[in-house]
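*Asks:* Got a structure here, written out as structure tokens. Questions coming.
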Number of protein chains: 2
Amino acid sequence: MGLTKTAIFTDQDNHLASIAKALAHPARLAILKHLIKQDSCICGDLVLEIGLAQPTISQHLSVLKQAGLIKGNISGTSVCYCIDTEAWQEANEAFAGLFASGMPTTNDCC
Amino acid sequence: MGLTKTAIFTDQDNHLASIAKALAHPARLAILKHLIKQDSCICGDLVLEIGLAQPTISQHLSVLKQAGLIKGNISGTSVCYCIDTEAWQEANEAFAGLFASGMPTTNDCC
DNA sequence: TTATTACATTGCAATATTACGATAAAAAGG
DNA sequence: CCTTTTTATCGTAATATTGCAATGTAATAA
């Protein structure tokens, strides 16, 4: 049905899945990396930097913003985006936690 | 179009995005956590453990397998799944790399 | 051989995602 | 005021995802 049954899962899993979803597109990864690289923030340079149309970039930015990973400031006619450091750190810890819990000793099934 | 323009992006970004996509569903996170918890591997207990129909679980397992995160061994009529430790470690490093590159000093835009 | 058990696959319906052209909207410059 | 610049939003088309009933398959049990 294309609709995830969120009620069945833990809040933690639902939340981590939503963050993973936001990271699950190369354009969004490229946007994040660009924002990180510039430290201070960029706006519509992303449209030139990445080879996608302006509405498409705007949509990807919206996804990242809704996931809480980035923030945007209006300055004049342009909008300035940057990583939300707190959310970024939290996401980092969430993924680190997932991977740290793993790492079994053997790599064999059964 | 629902079709990602992979040619535009780096192999690294495309790969990390594909791993993130595999992690971008709470059922798949729950499956991975269960496999980790049991250390040795489980099969159709997942259908009971998670509240989804057998074909749905099978599909999620297929996604995780295609992403390379898990492996499956046939033993009798049942199939035994476990984390692919190598791929798991690689995924861990890929995410750690992404997050480590970030962490700017200020949390303000512009 | 004939169940039974455990999974995978197929087919389908409902919804989501990706991408972009066209069009708003809001600020700045003339 | 009008124009330009920059971004967001709307509408749409193509494809992907999620979920499950029905069915297929392969190994074991009877």
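We did not get these values from a lab; they are worked out from the coordinates using the rules stated. Please read these numbers as outputs of a predicted model, since none were measured by experiment. Ideal geometry is used to build each Cβ from the backbone, glycine not excepted, and the neighbour counts take in all protein chains shown.
*Asks:* Summing +1 for each Lys or Arg and -1 for each Asp or Glu, what net charge is found among the other residues whose Cβ lies under 14 Å from the Cβ of B:Asp13? Let's see the in-between values first.
*Replies:* Values: positive: A:Arg28, A:Lys33, A:Lys37, B:Lys5, B:Lys21; negative: A:Glu49, B:Asp11.
Result for the neighbourhood of B:Asp13: +3.
*Asks:* Please give the helix A:85-100 orientation as an angle from the longest Cα principal axis of chain A, in degrees from 0 to 90, rounded to the nearest 10.
*Replies:* Between helix and principal axis, roughly 20 degrees.
*Asks:* Quote the convex hull volume per residue of the stretch A:11-99, based on C-alpha atoms, as a whole number of Å³. Don't skip to the end; give the middle numbers.
*Replies:* Values: hull volume 8.5 nm³, N = 89.
Roughly 96 Å³ of hull volume per residue.
*Asks:* Still on this structure, please answer the following. For the Cα atoms of chain B, what angle does the longest principal axis make with the long axis of helix B:11-23, in degrees from 0 to 90, nearest 10?
*Replies:* The answer is roughly 50 degrees.
*Asks:* Let me ask something else about it. Taking neighbour counts of Cβ atoms within 10 Å as a proxy for exposure, in what order, fewest first, do B:Ile42, B:Ile83 appear?
*Replies:* On the way: B:Ile42 19, B:Ile83 22.
So the ranking, lowest neighbour count to highest, is B:Ile42, B:Ile83.
*Asks:* Which entries in A:Lys71/B:Lys21; A:Lys65/B:Lys33; A:Lys21/B:Lys5; A:Lys37/A:Lys71; B:Lys21/B:Lys71; A:Lys21/B:Lys65 show an alpha-carbon gap greater than 20 Å? Kindly include the intermediate steps, with their values, before the conclusion.
*Replies:* On the way: A:Lys71/B:Lys21 23 Å; A:Lys65/B:Lys33 28 Å; A:Lys21/B:Lys5 17 Å; A:Lys37/A:Lys71 16 Å; B:Lys21/B:Lys71 18 Å; A:Lys21/B:Lys65 18 Å.
Pairs exceeding 20 Å: A:Lys71/B:Lys21; A:Lys65/B:Lys33.
*Asks:* Using only the alpha-carbon atoms, how far is helix A:54-66 inclined from the longest principal axis of chain A? Give it as 0 to 90 degrees, nearest 10.
*Replies:* Once rounded, one gets 50 degrees.
*Asks:* Counting Lys and Arg as +1 and Asp and Glu as -1, each charge on the Cβ, what is the dipole of the stretch B:1-103 about the Cα centre in debye, to the nearest 20? All intermediate terms of the calculation are to be shown ahead of the outcome.
*Replies:* Working: 7 positive and 9 negative charges, 60 e Å.
My answer is approximately 280 debye.
*Asks:* List the residues whose amide H sits under 5 Å from the amide H of A:Val79, counting only those 5 or more places along or on another chain, with H placed 1.01 Å from N in the peptide plane.
*Replies:* Under 5 Å from the amide H of A:Val79 lie the amide H atoms of A:Gly44, each far enough along the sequence or on another chain.
*Asks:* Regarding the protein assembly as shown, what is the average projected area of its C-alpha convex hull, in nm²? Before the final figure, lay out the partial values.
*Replies:* Details: hull surface 51.8 nm².
Seen from a random direction, the Cα hull of the protein assembly as shown projects 13.0 nm² on average.
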